[in-house]
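Pasting in a structure now, in structure tokens, and then I'll have a few things to ask.
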Amino acid sequence: MALLPFLMAILGLAPRSARRLPWIAAVLLLVQIPLVVWICLPAFLGSIISYGPFSIDGMGAAFTIITTLVAAAAMFQAALLLPAERAEGHAITDKRFCLFYTLSGLFILAMYAVPLARHIGYLWIAVEATTLMSAPLINYHHGKDSLEATWKYLLLCSVGIAFALFGTVLILAAQHSFTNGETMRLDDLIARAREMDPRLLRLGFIFCLLGYGTKAGIFPLHNWLPDAHSESPSPVSAMLSGALLNCALVAIWRLSQVVIAAGQGNLVRQLLVPAGAITVIAASLMLVRQHDLKRMLAYSSVEHVGLLTIAIGIGSGQLFILHAFNHSIVKVALFLMAGGIMHVYGTKDLSKLGSVLKKSPVWGLVLAAAGFAIAGSPPFGTFISEWLLLRNAFDSGAITATIIMVIGLTVTFIAIATHIGRLVFGNERNPARTLPVSSWAYAPALLLGVSLLAGLAVSPPVMRALTILANLGVK
Amino acid sequence: MNLSQIDLLAAVIAVLAVWMCGVTRVKTQVWGLVLQTTVLSGISVMLSLAGARIELIILAFVVFMIKAVAIPFFLYRAAKRISIVQDKGVSIGPTLSLMIGCGLLFIGYFLTPAFAVSSMMNQVSAGMSLALIFIGMLLMITRRLALSQVIGFLTMENGIFLYSLTQTHHMPILVEMGIVFEVLIGVLIAGVFIFRINRSFEHIDVTDMRRLRH
């Protein structure tokens with residue numbers, strides 16, 4: 001599974017291949033999709049394959065597949081976008097261009113390691129590796145803004161990740177009564193959770209939540225997220241938003257399993273449900289007055305992180321997987337479209353953009369559909385998963401959180417509909433530099449098609465299968 | 001609470017960190033970091049001799065080589081190459097910073113019962129590592145230069161390392177090594193960015209990086 005991204009990373013070390021590399025990388029990752037699905041198939045059939053501290057369990061399989069889809073779409077669009085951008089005269093040397101592919105390959109590998117690690121030490125190392133590999137990717141353009149965003153990202157996430165390390169060590173210290181030594185393996189932790197010192201375990205979980213929560217962008221720790229997502233090149237934004245945020249949330253999910261096994265499920269609920277609700281409402285309010293296309297998308301990611309946090313908080317693994325999948329594919333489609341729009345208009349200022357529909361009907365339709373999808377309207381998958389989430393949260397007694405979520409989702413819908421509506425139908429201030437190429441919208445359109453299918457496919461048997469998948473590997 | 005030798009050394013590290021709060025010369029700060037890590041490696045060796053755990057000596061050696069030799073050497077060179085000497089705090093001066101550092105040390109000490117493992121020998125060390133984490137954060141928040149922020153981060157890491165040494169029986173050595181190398185790579189990447197910030201902004205004063213406000 002690790003082979004193809006690794007091959008891509010190696011190929012990036014040879015700067016002479018700069019012209020062919022984008023398409024080689026795209027093809028490699030497209031081949032990767034069926035390969036990963038095939039490798040993860042046993043998990044869907046109910047068996048776990050282990051390789052040392054890593055194993056493909058239900059969560060691992062689901063998020064590995066999501067990561068692969070996101071990475072493949074991002075690399076495919078990068079093959080269209082980045083060479084076109086270089087032809088426009090952005091001063092990017094062959095060496096830096098190839099380094100982009102090396103780092104992307106390593107970044108994808110690190111993102112595979114996070115959901116597959118069933119060992120809280122390796123989990124931490126993998127999350128930290130994603131930070132280190134993605135920081136140079138954000139700074140691809142070497143502009144002042146991207147440099148500032150990168151430094152903020154590196155610094156805030158390093159502090160966050162240090163907290164997560166402290167939390168991990170505290171969980172280790174909570175096992176002081178174990179006679180045969182401490183363990184970091186998730187299976188042992190879950191099996192012996194009740195013997196742990198509850199005080200240190202709680203502290204450990206709180207520190208881990210602070211740490212991985214920073215990485216996931218839970219309010220008020222989301223500060224780095226809009227900057228990093230808006231300043232990086234669009235394929236990287238897509239990977240950050242569609243795959244990296246999921247990774248951090250999976251880490252929180254893993255640790256919450258230990259705490260729940262220790263009989264402290266209340267703590268998980270009391271921390272995550274309010275945190276998620278506040279994140280949703282805060283992000284929706286910040287969405288209203290955005291005047292930057294990619295920042296708007298980034299805040300929408302914060303909002304969806306809030307929803308996912310609530311899903312973890314109410315202990316619903318199946319909704320976590322379902323909504324993460326739906327959000328990832330739609331958000332990736334939007335970020336990739338945003339990359340195209342920035343290329344065509346030369347700006348991402350919402351007040352200067354417009355009349356996409358007139359320029360290219362394909363782009364206009366895809367954008368409008370993606371806007372509806374991300375705002376959570378039927379018949380897209382996001383609608384179903386948000387609706388199920390609201391119902392489950394209400395049923396589990398989190399009534400205040402549900403009400404806040406409904407308000408947040410309504411505000412979000414209005415804000416996104418207004419912004420995207422103006423983009424698609426309004427008049428532009430800045431004339432377009434080039435004409436949009438319809439083929440650039442094909443990959444996002446395909447992703448939206450998947451989202452549509454996901455929306456139509458959700459039915460009781462599918463949800464049952466997802467529940468079994470989410471609980472695979474949790475005793 | 002009785003102070004063991006290890007607790008005493010842990011307190012020395014925390015006091016060193018407090019002292020660093022009042023230092024504005026970047027090179028002196030780097031030396032503070034070297035001293036901290038050296039004492040920390042000493043604790044690791046002592047624990048290994050007391051508990052007959054040979055792997056801790058190897059760990060102590062690796063930590064010493066990376067965090068007390070390689071990283072400070074790199075930071076020192078970086079400070080020299082971009083010719084910076086002093087880092088005056090953002091909004092609070094060195095004196096106030098020193099006093100807040102003292103306060104954090106006390107807070108860490110009083111939080112000892114909440115964080116210490118009851119069956120362990122060196123209880124005060126838990127409080128001291130907490131103080132180190134807090135002081136590291138203080139350094140990161142109040143310093144202007146990107147370089148000093150890295151030093152603050154390393155102080156935080158030292159605190160976590162101290163906690164894992166004194167409050168847990170054993171952390172898997174492979175994980176511990178992974179963490180140390182991760183820190184090394186992190187500092188190297190941060191170093192590359194420091195040079196880059198220096199080149200495009202002609203300074204590494206992060207308070208002047210405020211273009212991204214919307």
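Can you pull out the residues in the range A:325-379 that are open to solvent by 10 Å² or more (accessible area, probe 1.4 Å), closer than 18 Å to A:LEU446 by Cα and in a helix (DSSP H, G or I)?
A:PHE325, A:PRO361, A:VAL362, A:LEU365, A:VAL366, A:ALA368, A:ALA369, A:PHE372, listed by residue number.
With respect to B:GLY159, determine if the residue is of a type in the set (Gly, Ala, Ser) and either facing chain A (nearest Cβ under 9 Å) or over 27 Å from B:LEU56 (Cα atoms) (or both). Break it down into steps so the answer makes sense when it comes.
Values: of a type in the set (Gly, Ala, Ser): yes; either facing chain A (nearest Cβ under 9 Å) or over 27 Å from B:LEU56 (Cα atoms) (or both): yes.
Yes.
Step by step: first the residues of the range A:158-173, then only those that are aliphatic (A, V, I, L, M) and within 8 Å of chain B (Cβ to nearest Cβ), then the one that is farthest from the chain's Cα centre (by Cα). Which residue is that?
First pass over the range A:158-173, keeping only residues aliphatic (A, V, I, L, M): A:159, A:161-162, A:164-165, A:169-173.
Narrowing further to those that are within 8 Å of chain B (Cβ to nearest Cβ): A:159, A:162, A:165, A:169-170, A:172-173.
Numbers: A:VAL159: 20, A:ALA162: 21, A:LEU165: 21, A:VAL169: 26, A:LEU170: 27, A:LEU172: 28, A:ALA173: 31 Å.
Taking the candidates together, the pick is A:ALA173.
Taking the range A:255-267, which residues are part of a helix (DSSP H, G or I) and either open to solvent by 10 Å² or more (accessible area, probe 1.4 Å) or modelled with pLDDT under 90 (or both)? Walk me through how you get there before you give the answer.
Looking only at the range A:255-267, we keep the residues that are part of a helix (DSSP H, G or I), and these are A:255-261, A:265-267.
Once the filter is applied, which keeps residues that are part of a helix (DSSP H, G or I) and either open to solvent by 10 Å² or more (accessible area, probe 1.4 Å) or modelled with pLDDT under 90 (or both), the range A:255-267 yields A:GLN257, A:ILE260, A:ALA261, A:GLY265, A:ASN266, A:LEU267.
Hey, among B:ALA114, B:ALA146, B:ALA50, which residue is loosely packed, with under 14 Cβ neighbours inside 10 Å, within 13 Å of chain A (Cβ to nearest Cβ) and hydrophobic (A, V, I, L, M, F, W, C)? Write out each step before concluding.
On the way: B:ALA146 fails: loosely packed, with under 14 Cβ neighbours inside 10 Å; B:ALA50 fails: within 13 Å of chain A (Cβ to nearest Cβ).
Sole residue among the options that is loosely packed, with under 14 Cβ neighbours inside 10 Å, within 13 Å of chain A (Cβ to nearest Cβ) and hydrophobic (A, V, I, L, M, F, W, C): B:ALA114.
Which of the residues spanning the range B:162-183 are more than 7 Å from chain A (Cβ to nearest Cβ) and open to solvent by 20 Å² or more (accessible area, probe 1.4 Å)?
B:ILE173, B:LEU174, B:MET177, B:PHE181
Yes or no: the range A:429-440 includes at least one residue that is buried (at least 22 other Cβ atoms within 10 Å of the Cβ) and either at pLDDT below 90 or on the phi > 0 side of the Ramachandran plot (or both). Quick ask: steps written out before the conclusion?
The initial filter retains those residues of the range A:429-440 that are buried (at least 22 other Cβ atoms within 10 Å of the Cβ), namely A:440.
From what is left, the residues that are either at pLDDT below 90 or on the phi > 0 side of the Ramachandran plot (or both) are A:440.
Yes.
Here's another thing I want to ask about it. Taking into account only those residues within the range A:92-109 that are in contact with a helix residue (DSSP H, G or I) (Cβ under 6 Å, 6 or more places away or on another chain) and open to solvent by 10 Å² or more (accessible area, probe 1.4 Å), which is nearest to A:ILE252 (Cα to Cα)?
Here the residue is A:LEU109.
Of the conditions (1) buried (at least 22 other Cβ atoms within 10 Å of the Cβ); (2) within 11 Å of chain B (Cβ to nearest Cβ), A:ARG118 clears all except one; give me its number.
(2)
Given the criteria open to solvent by less than 10 Å² (accessible area, probe 1.4 Å) and within 7 Å of chain B (Cβ to nearest Cβ), does A:LEU132 qualify?
On the way: open to solvent by less than 10 Å² (accessible area, probe 1.4 Å): yes; within 7 Å of chain B (Cβ to nearest Cβ): yes.
Yes.
Suppose the filter is within 14 Å of another protein chain (Cβ to nearest Cβ) and without any contact (Cβ under 8 Å) to a residue 24 or more places away in the chain; does A:ARG295 pass it?
Values: within 14 Å of another protein chain (Cβ to nearest Cβ): yes; without any contact (Cβ under 8 Å) to a residue 24 or more places away in the chain: no.
No: the conditions fail for A:ARG295.
Take A:VAL127 and tell me if it is over 30 Å from A:LEU435 (Cβ atoms) and modelled with pLDDT of 85 or more.
Answer is yes for this residue.
Here's a follow-up. What are the residues in the range A:148-157 that are touching a residue at least 12 places away in the same chain (Cβ under 8 Å) and either crowded, with 22+ Cβ neighbours inside 10 Å or more than 9 Å from every other protein chain (Cβ to nearest Cβ) (or both), if any?
If the condition is that a residue be touching a residue at least 12 places away in the same chain (Cβ under 8 Å) and either crowded, with 22+ Cβ neighbours inside 10 Å or more than 9 Å from every other protein chain (Cβ to nearest Cβ) (or both), then A:GLU148, A:ALA149, A:THR150, A:TYR153, A:LEU154, A:LEU156, A:CYS157 are the ones that fit.
Could you tell me which residue of the range A:297-318 is farthest from the chain's Cα centre (by Cα), considering only residues that are open to solvent by less than 10 Å² (accessible area, probe 1.4 Å) and at pLDDT below 90?
Across the range A:297-318, the extreme among qualifying residues is A:SER316.
Now for a separate question. Can you tell me which residue in the range B:184-199 is farthest from A:ILE125 (Cα to Cα), limited to those that are facing chain A (nearest Cβ under 8 Å) and open to solvent by less than 20 Å² (accessible area, probe 1.4 Å)?
The residue in question is B:ILE197.
Based on this model, can you work out whether A:SER284 counts as in contact with a Ser or Thr (Cβ under 8 Å, 6 or more places away or on another chain) and within 14 Å of chain B (Cβ to nearest Cβ)? Let's see the steps before the verdict.
Values: in contact with a Ser or Thr (Cβ under 8 Å, 6 or more places away or on another chain): yes; within 14 Å of chain B (Cβ to nearest Cβ): no.
Against the criterion (in contact with a Ser or Thr (Cβ under 8 Å, 6 or more places away or on another chain) and within 14 Å of chain B (Cβ to nearest Cβ)), A:SER284 does not qualify.
Kindly check whether there is at least one residue in the range A:213-232 that is buried (at least 23 other Cβ atoms within 10 Å of the Cβ), facing chain B (nearest Cβ under 10 Å) and not in a helix (DSSP H, G or I).
no
Next up: So in the range A:135-147, with the set limited to residues that are open to solvent by 10 Å² or more (accessible area, probe 1.4 Å) and not small (Gly, Ala, Ser), which one is farthest from the other protein chains (Cβ to nearest Cβ)? Let's see the steps before the verdict.
Initially, the range A:135-147 is screened for residues open to solvent by 10 Å² or more (accessible area, probe 1.4 Å), giving A:136, A:141-145.
Checking the rest, the ones that are also not small (Gly, Ala, Ser) come to A:136, A:141-142, A:144-145.
On the way: A:PRO136: 7, A:HIS141: 11, A:HIS142: 7, A:LYS144: 6, A:ASP145: 6 Å.
If we take residues in the range A:135-147 being open to solvent by 10 Å² or more (accessible area, probe 1.4 Å) and not small (Gly, Ala, Ser), then A:HIS141 is farthest from the other protein chains (Cβ to nearest Cβ).
In the range A:158-186, how many are open to solvent by 10 Å² or more (accessible area, probe 1.4 Å) and in contact with a Gly (Cβ under 8 Å, 6 or more places away or on another chain)?
Residues meeting the conditions: 2.
Here are B:THR24, B:THR38: which of them is at pLDDT 90 or above and either of a type outside the set (A, V, I, L, M, F, W, C) or surrounded by 17 or more Cβ atoms within 10 Å (Cβ to Cβ) (or both)? Walk me through it before giving the result.
Values: B:THR24 fails: at pLDDT 90 or above.
From the options B:THR24, B:THR38, the qualifying one is B:THR38.
Of all residues in the range A:187-201, which are in contact with a helix residue (DSSP H, G or I) (Cβ under 7 Å, 6 or more places away or on another chain) and either away from chain B (no Cβ under 14 Å) or open to solvent by 60 Å² or more (accessible area, probe 1.4 Å) (or both)? Let's see the steps before the verdict.
Taking the range A:187-201 as the starting set, the residues that turn out to be in contact with a helix residue (DSSP H, G or I) (Cβ under 7 Å, 6 or more places away or on another chain) are A:189-190, A:193, A:200-201.
Across the range A:187-201, the qualifying residues are A:ILE190, A:ALA193.
The values are calculated or read from the model by the stated rules, or taken from the named source; none is laboratory data. Bear in mind the structure is a predicted one, so any value in this text is a computation, not a measurement. All Cβ positions, glycine included, derive from the backbone under ideal geometry; neighbour counts span all protein chains shown. Surface accessibility is based on the protein's heavy atoms, side chains included, excluding ligands, DNA and RNA. Shrake-Rupley method; radii C 1.70, N 1.55, O 1.52, S 1.80 Å.
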